[in-house]
Each structure stands twice: as C-alpha cells, then as structure tokens.
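Engineer: One structure follows; several queries about it will come next.
Values in this text are rule-based calculations from the coordinates and carry no lab data. In this text the structure is predicted, and so the values were computed from the model without any measurement. No Cβ is skipped: glycine too gets one built from the backbone with ideal geometry, and neighbour counts run over all protein chains shown.
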Ligand code: GDP
C-alpha cells in the first residue's frame, strides 16, 4: 500500500521545531503504551519505523515520517506517565493544543486508546481540542485481540456512544497490531484525510 512508502524524516523536541507548514499531515497520539508505535509499524509494514517499548517517562521526541513530498505521518509523544513533572506536562499540553489549533497542514488526529480502557481524561481533553479546531478524529481502540469477539463488539458500541458526546467528527474503530484486525478501516480513514 501507499503507507509502505513511509520514511523517517526528522525528530523534533517540540512542535515549534517542525518543518514549514506546507503539504498535508495526520498526527498520531495516545497514552504511553497504548500501542501507537506498534500501530505505525503495522500500518507501514516496517518492523522498526516507530520504536516500541520506550523507557517510561523518558523525554520523547516528535517523529515525522514522510510518505511522499506532500504527505506526512506525525508521531506525537505518548502522554499520561505519572512520573513526568507537572511543569513538563503543562508545557507539553500547551504546545499540543497550539499544534492542533494552528497547524494548517494537519488533516486529522488519530487517538490510540487501549480497547480495555478508552477515553481517559487526557484522551478526552485531546479529542475536545481537536474537535474545537474542527479536526476529524479517529479514535482507534487498540489491542483488540485482547478481547473475545463479543466483548470487543460491546466495547466498540460503548465507545461509539461515548464519542457522540464530543459533538464532532469522531470515528471509532477497533485495531490490533497482532493480527491486523481493523487495518483496512485505518487505511481507509487515513487515505481520505491524506487525499490519496
Ligand atoms: P506505545 O507506547 O503507544 O508506542 O505502545 P507500543 O506500540 O510500544 O506497545 C506497548 C505494548 O503493548 C508493547 O508491549 C506491545 O507489544 C503491546 N501491543 C501493542 N499493540 C498490541 C496489539 O495490537 N495487541 C497486543 N496483544 N499487544 C500489543
């Protein structure tokens, strides 16, 4: 698929260091350990594009992967680690808010959440920001292989119900990096956003 073209372009310590605001991009965000790196690797069919199993609390970079000259995937640092100092959290939240509000190239936000506990506070906050910036959101319920079919379906329906509360363009799908469940749906949403 098109996503196999992904190539590492750059790492940035924060949003102000990103390249000029042209072309189009979609961003990936989620609590640490939500399965974001695994999902990016699955999407791009590359084992080590995004690095999995990072050290908890380590300062993380924003990683940019280029699909072609005009299109990029942006891997935002995982959030939600208790060990991160409050001042750093605040700084990060501010710059993330600004990124969602001001980045003209941004076409949509994928928020990855473990299917067993979706929509934690920070996830909700992020989705609210995206919705208020008129950005479409894909809420991706990860590690779907951890639940049996019945429970998985129930979680999906519950999450879709919860997503209505954001009063925005919030789509919900389940996903597994282990067995690639939901990969076509993810690709479909991204293709629309990236105008592929
Ligand atoms: P990140 O911190 O959000 O980038 O999360 P990672 O991709 O590093 O994954 C965190 C942990 O969850 C790792 O131990 C992965 O092996 C595991 N994991 C990620 N995706 C899946 C999945 O789809 N199914 C299962 N069973 N485990 C997963």
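Engineer: Take 31, 180 and order them by how many other Cβ atoms sit within 10 Å, fewest up front. Let's see the in-between values first.
Structural biologist: On the way: 31 20, 180 13.
In increasing order of surrounding Cβ atoms, one gets 180, 31.
Engineer: Report, for the chain, the % of DSSP beta bridges that are antiparallel, rounded to 5. Walk me through the intermediate numbers first.
Structural biologist: Numbers: 9 of 32 bridges.
Around 30 percent antiparallel, to the nearest 5.
Engineer: Just rank 79, 2, fewest to most, by other beta-carbon atoms within 10 angstrom.
Structural biologist: 2, 79
Engineer: With r as the distance between the Cβ atoms of residue 132 and residue 88 and R0 = 41 Å, compute the FRET efficiency 1/(1 + (r/R0)^6) and round to 0.05. Intermediate values should be presented prior to the final figure.
Structural biologist: Working: r = 24 Å, r/R0 = 0.58.
My answer for the efficiency is 0.95.
Engineer: Shifting gears a bit: For the chain, modelled as a Gaussian network with Cα springs under 10 Å, which listed residue fluctuates most, 32, 16, 144?
Structural biologist: 16
Engineer: Run the numbers for residue 17 and residue 164: contour at 0.36 nm per residue of separation, minus the present Cα-Cα distance, in nm. Write out the running numbers ahead of the final one.
Structural biologist: Numbers: separation 147, 0.36 × 147 = 52.92 nm, distance 3.43 nm.
Difference between extended and current length: 49.5 nm.
Engineer: Suppose R0 equals 25 Å. What FRET efficiency, 1/(1 + (r/R0)^6) with r the Cβ-Cβ distance, do residue 116 and residue 178 give to the nearest 0.05? If you can, show how the numbers build up before the last one.
Structural biologist: On the way: r = 14 Å, r/R0 = 0.57.
Efficiency at R0 = 25 Å is approximately 0.95.
Engineer: Sticking with this structure for a sec: Quick one: work out the % antiparallel among DSSP beta bridges in the stretch 34-143, nearest 5. Don't skip to the answer; put the middle values down first.
Structural biologist: On the way: 4 of 10 bridges.
Rounded to the nearest five, the antiparallel share is 40 percent.
Engineer: For the stretch 2-193, what does the relative contact order come out to in percent, with C-alpha contacts under 8 Å and a separation of six or more? It would help to have the intermediate numbers written out before the result.
Structural biologist: Working: 329 pairs, mean separation 43.8, N = 192.
That works out to 23 percent.
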